[in-house]
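The values are calculated or read from the model by the stated rules, or taken from the named source; none is laboratory data. If you're wondering where the values come from, they're calculated on a predicted model, not measured in any experiment. Ideal geometry is used to build each Cβ from the backbone, glycine not excepted, and the neighbour counts take in all protein chains shown. Side chains are part of the model used for accessible areas, which takes the heavy atoms of the whole protein and leaves out ligands, DNA and RNA. Shrake-Rupley method; radii C 1.70, N 1.55, O 1.52, S 1.80 Å.
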Amino acid sequence: MRIGIAADHGGFELKVQLSIALKAAGYEVTDFGAHELVTGDDYPDFVAPLAKAVARGEVTRGLAICGSGVGACVAANKVSGVRAALITDSFSAHQGVEDDDMNIMCLGGRVTGYALSRDLVMTFLSARFKAEERFKRRLAKVEALERERT
Ligand code: RB5
């Protein structure tokens with residue numbers, strides 16, 4: 001599975017740590033930046049290219065990290081085809097994929113520590129969409145909302 005990862009300064013350190021862990025676990029990791037720690041950088045500059053790559057299928061899943069995870073999540077969800085959520089617990093890390101086909105997981109680098117983040121990421125990546133009729137029906141309604149955007 002090809003994984004994309006992106007972070008601003010608030011998530012930079014966690015991005016570095018998670019990238020190492022993912023590569024060690026055998027994942028192919030594409031890093032959308034930031035490629036160096038710049039304290040004044042802006043999360044949309046890194047999250048938008050990641051989100052577009054996920055939407056185009058260039059990477060299978062994405063990890064978007066900022067200080068709280070909130071800004072990264074807001075930015076990622078502006079891209080059609082992205083289903084991003086800020087995750088802090090194990091249940092949501094897999095249920096968000098199984099029921100809602102979450103394709104980008106957002107983390108707060110100043111909120112969730114490395115060890116828990118790594119476990120959440122592995123749970124997210126191991127989960128698969130269940131594709132049951134009710135889940136597909138709900139996602140079709142979400143896609144209809146995307147088409148309504150002005
Ligand atoms: C950066 O200072 C911080 O605002 C940003 O990383 C993020 O938490 C925004 O949601």
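Where residues in region 5-24 are open to solvent by less than 50 Å² (accessible area, probe 1.4 Å) and more than 18 Å from Val70 (Cα to Cα), which of them is nearest to the ligand (Cβ to nearest atom)? Ranking the candidates gives Leu18 first.
Examine region 67-82 for a residue that is surrounded by fewer than 21 Cβ atoms within 10 Å (Cβ to Cβ), in contact with a Lys or Arg (Cβ under 7 Å, 6 or more places away or on another chain) and polar (S, T, N, Q), and state whether such a residue exists. Yes, because at least one residue in region 67-82 is surrounded by fewer than 21 Cβ atoms within 10 Å (Cβ to Cβ), in contact with a Lys or Arg (Cβ under 7 Å, 6 or more places away or on another chain) and polar (S, T, N, Q). Candidates in region 25-39 are the residues that are away from the ligand (no atom under 16 Å from the Cβ) and acidic (Asp, Glu); of these, the one that is farthest from Leu125 (Cα to Cα) is Asp31.
Residues that are more than 19 Å from Phe12 (Cα to Cα), at pLDDT 95 or above and not β-branched (Val, Ile, Thr) number at least 3 in the following helices (runs of 4 or more DSSP H) confined to region 35-105: 44-56, 90-98.
Looking at the structure I just gave you, is Leu63 within 16 Å of the ligand (Cβ to nearest atom), in contact (Cβ under 8 Å) with a residue 40 or more places away in the chain and closer than 19 Å to Arg128 by Cα? Spelling it out, Leu63 is indeed within 16 Å of the ligand (Cβ to nearest atom), in contact (Cβ under 8 Å) with a residue 40 or more places away in the chain and closer than 19 Å to Arg128 by Cα.
In region 25-37, what residues are open to solvent by 50 Å² or more (accessible area, probe 1.4 Å) and among the small types (Gly, Ala, Ser)? Listed by number, the residues that qualify are Ala25, Gly26.
Here is the figure for region 106-117: residues that are in contact with a helix residue (DSSP H, G or I) (Cβ under 7 Å, 6 or more places away or on another chain), part of a loop (DSSP other than H, G, I, E, B) and open to solvent by 40 Å² or more (accessible area, probe 1.4 Å) total 0.
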